[in-house]
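Student: Handing you a structure now.
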Amino acid sequence: MKAKVIAIANQKGGVGKTTTSVNLSAELTRQGYKTLLIDSDGQCNSTDTCQAIIENQPTLYDLLFGKEDALECIQKTSITDMIASDPLLNDSEHRFPNDAGRLFLLKNNAEKLREHYDYIIIDTPPNLGCMLGNILTYADFVIIPVTCDRYGMMGINELYNTIHSTQQYTNPKLKVLGVLFIKFRNNTILCREFSEKLPNVLNDFNTQLFDSKIRESESCRKAQSNCMSCFEYDSKSTTAADYSQLVQEIINKAKGEQ
């Protein structure tokens, strides 16, 4: 069975893309699924959390622009298999070819990875550009993490325009698996209001909120500081429990969408 490719995307920074990418990959790996994490953000946060190597090791930059074989870019980490990012990706937009194939570079170079994994999770950059276009062209599904505030929600409409354009021109099979609340606090009025109102908004985009909501915890912050997943640092934390529940929901949803 070929891997399901899931992009974690929202053009706004600080909405938990890296936390979600790392912990989904960690829990899928813990459950016995062959999982690959790809860090496409030039800030290299997922790469740093997984303590992956950039120097003298082929990275995503080399896969895209250096004609490096995709399998040679994979490295083993204590959290999961991964293809590391590279700070060179921060200035990579001009490196994509200026032709119709510019959005297919990742798909063409990384398609063989599907044969070796059950899930491929991609941590995306916080902007709408050629890199994200490549990722959405390659992916099967998108998960959109949001925080319960005005700024966390503002990017959804523009991101959906990009997703719709991708569905029209380069990847008609791309589907939004769901919108995920991050840093959720059920005891706050704001979170409750967003939780009640957002499903009606998402009906216009033909998608739904995940039932799972990721609560913030001190253990999660400490795990990041120590370059660990929530499961490595404290498997009994609320954040770890929430990501574990989310993994089951994703597995079920992805099966239903195939």
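The values are calculated or read from the model by the stated rules, or taken from the named source; none is laboratory data. From a predicted model like this one, the values you see are computed outputs, not experimental measurements. A quick note on method: Cβ atoms are made from the backbone with ideal geometry, for glycine too, and the neighbour counts reach across all protein chains shown.
Student: Among the residues of the range 59-80, what is the count of those that are of a type in the set (Lys, Arg) and more than 21 Å from Tyr119 (Cβ to Cβ)?
Tutor: Matching residues across the range 59-80 total 1.
Student: Is the range 151-158 home to any residue that is modelled with pLDDT of 85 or more and either assigned to a loop (DSSP other than H, G, I, E, B) or touching a helix residue (DSSP H, G or I) at 6+ places or on another chain (Cβ under 9 Å) (or both)?
Tutor: Checking the range 151-158: not a single residue is modelled with pLDDT of 85 or more and either assigned to a loop (DSSP other than H, G, I, E, B) or touching a helix residue (DSSP H, G or I) at 6+ places or on another chain (Cβ under 9 Å) (or both).
Student: Checking Lys76 against (1) over 26 Å from Leu177 (Cα atoms); (2) touching a Ser or Thr at 6+ places or on another chain (Cβ under 7 Å): exactly one of these is not met. Which one?
Tutor: All conditions pass for Lys76, except number (2).
Student: Now a separate question. Pairs only if they're at least six apart or on different chains, beta carbon under 8 angstrom, first in the range 1-20 and closer than 22 Å to Asn226 by Cα, second part of a strand (DSSP E or B) and acidic (Asp, Glu); list them, first residue then second.
Tutor: Matching pairs, first to second residue: Lys17/Asp123; Thr18/Asp123.
Student: Let me ask something else about it. From the list Glu72, Glu111, pick out the single residue that is among the acidic types (Asp, Glu) and closer than 25 Å to Leu174 by Cα.
Tutor: Answer to the selection: Glu111.
Student: Something else: Please find, among Ile38, Ile74, Ile53, the residue that is buried (at least 24 other Cβ atoms within 10 Å of the Cβ) and of a type in the set (A, V, I, L, M).
Tutor: Only one candidate qualifies: Ile38.
Student: Against the condition at pLDDT 90 or above, over 23 Å from Asn23 (Cα atoms), not charged (D, E, K, R) and not in a loop (DSSP other than H, G, I, E, B), how does Ile143 come out, does it pass?
Tutor: no
Student: Checking Lys34 against (1) under 18 Å from the mean Cα position of the chain (by Cα); (2) at pLDDT 95 or above; (3) within 24 Å of Asn10 (Cβ to Cβ): exactly one of these is not met. Which one?
Tutor: Here Lys34 meets the rest and fails (3).
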